[in-house]
Each structure stands twice: as C-alpha cells, then as structure tokens.
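Take a look at the structure below.
Read-outs throughout are calculated quantities, based only on the coordinates presented, and are distinct from any laboratory measurement. Keep in mind that this is a model prediction, so the values were computed, not measured. Virtual Cβ from ideal backbone geometry, glycine too; neighbours counted across all protein chains shown.
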Amino acid sequence: TEELLRKTEKLNVAGQLAAGIAHEIRNPLTALKGFAKLMCHANEESKLRYFQIMQEEFNRIELILGELLILAKPQAVAFHPYDTTAILGEVIELLNTEAIMSNVIIELDYEPNLPLVKCERNQLKQVFVNMIKNAIEAMPTGGCLNVSVRKVASGVAFYFADQGLGISEERLPRIGEPFYTTKEKGTGLGVMVSFAIIDEHQGHIEYQSKLGVGTTVLIQLPAFS
Ligand code: ADP
Ligand code: MG
C-alpha cells in the first residue's frame with residue numbers, strides 16, 4: 001500500500017505541475033494570439049508597439065520552458081567529484097554585475113580542505129544561480145549576501161545568508177511549490193527546480209527566514225567517497 005500511495009502522490013504532483021505549466025503558458029499565448037490578430041489591421045506605429053509586447057510574451061514562454069527543461073535533463077547527466085567552491089566562485093563572478101547594480105555585496109568565505117562533492121556540475125551551478133538571484137532580488141535597496149561553505153559530518157554545508165525582505169512564517173511552507181512567486185515577473189520555478197536537483201544529489205535544503213530581517217538557505221551535500 002505504501003508503494004501505491006507513493007505512486008498516487010507522484011501522479012498528483014505530475015498533474016498539478018502539468019496544470020501549472022498549461023496555465024502559465026496559456027496566458028502569454030492568449031496575449032500573443034490577440035496581438036497577432038490586432039497586427040493585421042494596425043498602423044505602423046501600433047504595429048511596433050504590439051511587436052514589442054509580443055516579444056515580451058515570447059520571452060516569458062521561453063523563460064518558463066527554460067527553467068522546466070533543467071528538470072527534464074536533456075543533456076547527459078554525469079556525476080563527478082568537484083571542488084564546489086570553484087563552482088560557487090564562477091557563479092558569483094557571473095552574477096556580480098547584477099549584484100552591484102542592486103547595491104548588493106556578495107561575500108564568499110570557506111574553510112580550507114573541504115571534501116569534494118559528487119555532483120552534476122551544470123545542475124549544481126543552476127542551484128547556486130537560483131539561490132544567489134533570489135537573495136539579490138530580496139534586497140531591492142541593497143545589502144550584503146554572505147555565502148559560506150563549511151565542512152560538516154555529512155559532507156559540505158552551504159549557507160546563503162541575505163539581509164533581504166525575508167519570508168513570513170505563513171508563506172514559508174509555500175516556498176518551493178511550483179509557480180509560487182511573490183514577484184511581478186517571477187516564474188516561481190527556481191526553488192522547486194533547486195529542491196529537485198538537491199534531492200537528486202542525496203542532499204538537503206532548508207529555508208530559515210525572518211520577515212524584515214533576512215533569509216538563510218542551508219544546503220547540505222554528501223561528501224564524495
Ligand atoms: P521567483 O524567483 O521566480 O519568484 P523562485 O522559485 O525562485 O521563483 O522563488 C519563489 C518565491 O520564494 C519568491 O517569489 C520569493 O517570494 C520567495 N523567496 C525565495 N528566496 C527568497 C529569499 N532569499 N528571500 C525572500 N524570499 C525568497
Ligand atoms: Mg527565483
């Protein structure tokens with residue numbers, strides 16, 4: 001019965017996800033259809049405006065599908081032992097311009113001689129990108145994001161501690177639900193995808209937050225042995 005229960009649960013999750021995707025794609029699609037129709041009879045000036053709106057809607061669909069495709073793993077998945085601080089460093093470099101533009105300073109500190117982690121490099125990179133982006137977005141007027149890496153009994157622990165808006169106790173359980181977002185242009189897929197990736201790495205992810213104070217995301221990954 002337990003196995004059956006798990007299967008039903010999985011089916012439910014798949015159904016909910018499918019409904020969410022359908023809904024999220026249908027909105028921009030409906031808009032696209034409408035504007036395509038308007039285009040037929042519009043003057044040059046309006047055409048340009050419609051075209052710009054249509055481009056935004058196309059981008060929205062692309063963004064949603066792009067995030068979902070990470071879950072689908074079209075490329076060959078290869079787990080190898082990696083120095084995760086090097087991956088973190090790369091991601092921070094990648095997002096530093098974005099951080100600076102929001103007055104966010106990213107600090108990275110880690111213990112020496114950390115164990116290697118067996119991971120799928122691109123996927124772990126994606127998790128770090130999602131965590132750091134969310135932290136930056138949580139600090140619209142700037143602040144500090146402290147990223148630290150420690151050795152723990154089970155392997156390696158990563159802390160992403162921001163001084164952002166925080167998450168209220170009522171909203172905390174919703175973090176990671178597909179399509180749950182509080183942002184105007186958010187997709188609500190980043191955390192869900194990250195949960196799935198960390199799960200696949202036999203790791204653990206946890207949110208601690210205080211409204212108006214900040215959020216700390218703790219990610220634990222087992223050491224390569
Ligand atoms: P998105 O960033 O597109 O909204 P995510 O799945 O990345 O989607 O995040 C879902 C929601 O979780 C966000 O909209 C936000 O409300 C909340 N959240 C995630 N990380 C943080 C954080 N560091 N600080 C505050 N809220 C956060
Ligand atoms: Mg996000």
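Please compute the contact order of the chain in relative form: average sequence separation of alpha-carbon pairs under 8 Å and at least six residues apart, divided by the residue count, as a percent. Intermediate values should be presented prior to the final figure.
Working: 331 pairs, mean separation 40.9, N = 225.
Value for the chain: 18 percent.
At a 10 Å Cβ-Cβ cut-off, how would you order Ser46, Ser225, fewest neighbours first? Mind dumping the intermediate values first?
Values: Ser46 13, Ser225 8.
Sorted ascending by nearby Cβ count, the order is Ser225, Ser46.
List the relative contact order of region 166-205 as a percent without decimals, with contacts defined as Cα pairs under 8 Å and 6+ residues apart.
28 percent
Just want to confirm a number: the relative contact order over region 87-194, from Cα pairs under 8 angstrom separated by 6+ residues, in percent. Mind showing how you got there, number by number?
Values: 144 pairs, mean separation 27.4, N = 108.
Over region 87-194, the number comes to 25 percent.
Lysine pairs in the chain with alpha-carbon atoms under 27 Å apart, 8 or more places apart or on different chains: how many are there?
For the chain, qualifying lysine pairs total 29.
Pop a pseudo-label 7 angstrom from the Cα along the beta-carbon direction at both Ser225 and Leu116 and give the gap in nm to one decimal.
Spacing of the two 7 Å Cα→Cβ label points: 1.6 nm.
Loop by DSSP (not H, G, I, E, B), at most 14 other beta-carbon atoms within 10 Å: where is the longest site-free stretch of the chain for GluC sites (Glu not before Pro)?
Here the longest segment lacking exposed loop sites spans 1-168.
Using θ = phi - 60° and the Karplus relation 6.51 cos²θ - 1.76 cosθ + 1.60, list the HN-Hα couplings for region 89-94 in order, rounded to whole Hz, with x at every Gly or Pro.
x, 4, 5, 5, 4, 4
With 10 angstrom as the radius, rank Ser102, Ser194 by how many other C-beta atoms surround their C-beta, starting from the fewest.
Details: Ser102 14, Ser194 24.
Least crowded to most crowded, the residues run Ser102, Ser194.
If each DSSP helix of 4+ residues adds -39,500 (n - 2.57) and the sum is divided by the residues in the chain, what number results at 222 nm, nearest 500 deg cm²/dmol?
Working: 5 runs with 115 residues, N = 225.
The helix contribution divided over the chain gives -18000 deg cm²/dmol.
With the cut-off at 1.5 for a/c, could you classify region 28-109 from its C-alpha gyration tensor as rounded, prolate or oblate? Each step should come with its number before you reach the end.
Working: a/c = 5.17, a/b = 1.94, b/c = 2.66.
Oblate, since a/c reaches 1.5 and b/c is not below a/b.
Mind putting a number on the dipole of the chain about its Cα centre? Charges go on the C-beta only, +1 for Lys and Arg and -1 for Asp and Glu, and I need it in Debye to the nearest 20.
Values: 21 positive and 27 negative charges, 105 e Å.
In total the dipole reaches around 500 debye.
May I ask for the net charge around Asp109, where only other residues with Cβ less than 14 Å from the Cβ of Asp109 are counted and Lys, Arg are +1 while Asp, Glu are -1?
Numbers: positive: Arg150, Lys151; negative: Glu107, Glu111.
Value of the local net charge: 0.
So who's got an amide H within less than 5 Å of the one on Phe224, skipping anything under 5 residues away but keeping other chains? H placed 1.01 Å off N, in plane.
Distant-sequence amide H within range of Phe224: Leu116, Val117, Lys118.
Among Val193, Val13, Val129, which one shows the biggest mean-square fluctuation in a GNM of the chain, springs joining Cα atoms closer than 10 Å?
Largest GNM mean-square fluctuation: Val13.
In nm, to one decimal, how far is the modelled label at Phe58 from the one at Leu172, with both set 7 Å along Cα→Cβ?
Each label point is offset 7 Å from its Cα along the Cβ direction, giving 4.4 nm.
What residues have an amide H closer than 5 Å to that of Gly176, excluding those fewer than 5 places away on the same chain, when H is modeled at 1.01 Å from N in the peptide plane?
Here the answer is Met192, since their amide H atoms fall under 5 Å of that of Gly176.
I need the phi-derived Karplus couplings for region 107-114: 6.51 cos²θ - 1.76 cosθ + 1.60, θ = phi - 60°, integer Hz, Gly and Pro marked x.
For region 107-114, the Karplus curve yields 9, 10, 9, 8, 5, x, 6, 6 Hz.
With the cut-off at 1.5 for a/c, could you classify the chain from its C-alpha gyration tensor as rounded, prolate or oblate? Walk me through the intermediate numbers first.
Values: a/c = 1.95, a/b = 1.46, b/c = 1.34.
Prolate, since a/c reaches 1.5 and a/b exceeds b/c.
Please report, in Å, the Rg and the Dmax of region 97-225, where both are computed over Cα atoms only.
Looking at region 97-225, its Cα Rg and Dmax stand at 14.4, 43 Å.
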